[in-house]
Amino acid sequence: MMKFAGYSLTAPFTPIYPNILKNYSRLPFDIFKRNWTKSSSVSVHTQKDQVLANAVMVAEQYLPPWFSVAPMMDWTDNHYRTLARLISKHAWLYTEMLAAETIVYQKDNLDRFLAFSPEQHPIVLQIGGNNLENLAKATKLANAYNYDEINFNCGCPSPKVAGHGCFGVRLMLDPKFVGEAMSVIAANTDVPVSVKCRIGVDDHDSYNELCDFIYKVSSLSPTRHFIIHSRKALLNGISPAENRSIPPLKYEYFYGLLRDFPDLRLTINGGINCVDEVNAALRSGAHGVMVGRAAYHNPWHTLGHVDSTIYGAPKSGLTRRQVLEKYQVYGDSVLRKYGQKPGIRDVVKPLLHLFYTEPGNGLWKRKADAAFQHCTTIKSFFEETLGAIPDSVMDSPVMEPPSGRDDLFANVHSLLPPPYETTEQEVLYA
Ligand SMILES: Cc1cc2nc3c(=O)[nH]c(=O)nc-3n(C[C@H](O)[C@H](O)[C@H](O)COP(=O)(O)O)c2cc1C
């Protein structure tokens, strides 16, 4: 049985924190018994072995990616990730997608795009692109920053990316290329690689086509981790936001993949709104759950429960005042680090959702609007605005988790598509 990221792929999810911590660094990894040699060749076997070895190295340091925060352009920047890490120690954090070309052309300015503080581990860099040479160069350049995994974007439907740019979700139509790209990325990094994709594109939306994609990419490259945004993308001109709500979610495709690809690590994504629903997905067999919008729009009540409810850690008792005190130190240290950037608005942006639905939230936002005009430090911004939030909100730890749709995955196993059946030759040489 393959082991990955510290736990057996088919083992049930058991968030018993003390046991995890006690046993984590001495889990029996059969693959340690093999003789690892790093090779720059793209031979599938040596690469796969290396990737597994690297996965174990990552596994020794962090708890498994049962919960991750999705990559979100303009949202999951360094500032948001700093806030997220102050609230949850164990959530895996993804960067925004960075085009390989940006990394390559900005190679003298890389800190601005790739640097992050060590506290942000475990952190995954998401890259996008369709040029093998640039993907190789970008991966190599990113190595110096020690990301824990490199993820390749095969899910973005934005016209700039999937239209004019011809990458993102459009790549789902060319799995052989994705296999090649993943081999190139893996050959240029020491950490595991993964793919984030949709369940289909336009009329290419059958379960079998999705399986062909997963099968080809995982056969042609060392990719063992796929994150499945469980709705298809429509490339008919609807906006990226509409592409995150109009195509229906089909969780049964995700659970079909779990059944049909037992050697892969599969993370479910799309429409999962709170830790209750995350736990429901894990109990139904998902190896990991990725949450996007809910983690951004309601960070306190989503991320605030991850360590205790998902990972079984003792409740931290952390308050928002404590989080903001630490964030202030961070914020004032990065203001205007690159000329005028980041400005106060950039640094404060992720905080604007910290008091979602709480008393004082509206007043705080109005005060923030005024303070943006003249405050030059985060300290002065907080002094001027935070009086709007009652002490009872500032000083209370996170409350009970909001209850979710317990039945979200209740029927999923009765809706599974017929099992994937195909011959290697049919798929790989099609
Ligand atoms: C503002 C925004 C930006 C996004 N940018 C990216 C991106 O850079 N890369 C990516 O793979 N997905 C991106 N996504 C999609 C999310 O990663 C995620 O798949 C999607 O929001 C569904 O998950 P959710 O329902 O939990 O939000 C973005 C989503 C949003 C809302």
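A few notes on this one:
- Whole-percent pair-distance distribution, where bins are 10 Å wide, for the alpha carbons of the stretch 320-394: 19, 57, 22, 2
- Nearest-0.05 FRET efficiency for SER219 and ASP332, computed from C-beta distance (R0 41 Å): 0.25
- Computed from label points 7 Å out along Cα-Cβ, the spacing between ASN109 and CYS166 is 2.6 nm.
- Treating r as the C-beta distance of LYS89 and ARG321 and R0 as 22 Å, the FRET efficiency rounds to 0.75.
- Proximal lysine pairs, the stretch 320-394, alpha carbons under 18 Å, eight or more residues apart or interchain: 11
- Neighbourhood net charge (11 Å Cβ-Cβ; Lys/Arg +1, Asp/Glu -1) for ALA233: +2
- Residues TYR145 and THR422, FRET efficiency given R0 of 45 Å [Cβ-Cβ distance, rounded to 0.05]: 0.70
- Cα pair count fraction exceeding 19 Å, expressed as % - the stretch 68-221: 52 percent
- Distance between modelled label sites at HIS204 and ARG259, nm, 7 Å Cα→Cβ extension: 2.5 nm
- Extension gain, ARG366-LEU415: 0.36 nm per intervening residue step, less the Cα-Cα distance, totals 12.9 nm.
- At 1.567 mPa s and 4 °C, Stokes D of the stretch 232-386 from Kirkwood alpha-carbon radius, µm² per second: 70 µm²/s
- Residues ILE103, ILE268 in ascending order of nearby Cβ atoms (within 10 Å, fewest first): ILE103, ILE268.
- Label-to-label distance, nm, for residues given as ILE238 and ARG405 (7 Å Cα→Cβ offset): 1.7 nm
- Listing PHE372, PHE381, PHE113 from fewest to most neighbouring C-beta atoms within 10 Å gives PHE372, PHE113, PHE381.
Where a number appears in this text, it was derived from the coordinates with a stated rule and is not lab data. In this text, all values refer to a predicted model and were calculated from it rather than measured experimentally. Methodologically, a virtual Cβ is constructed for each residue, glycine included, from the backbone with ideal geometry; neighbour enumeration extends over all protein chains shown.
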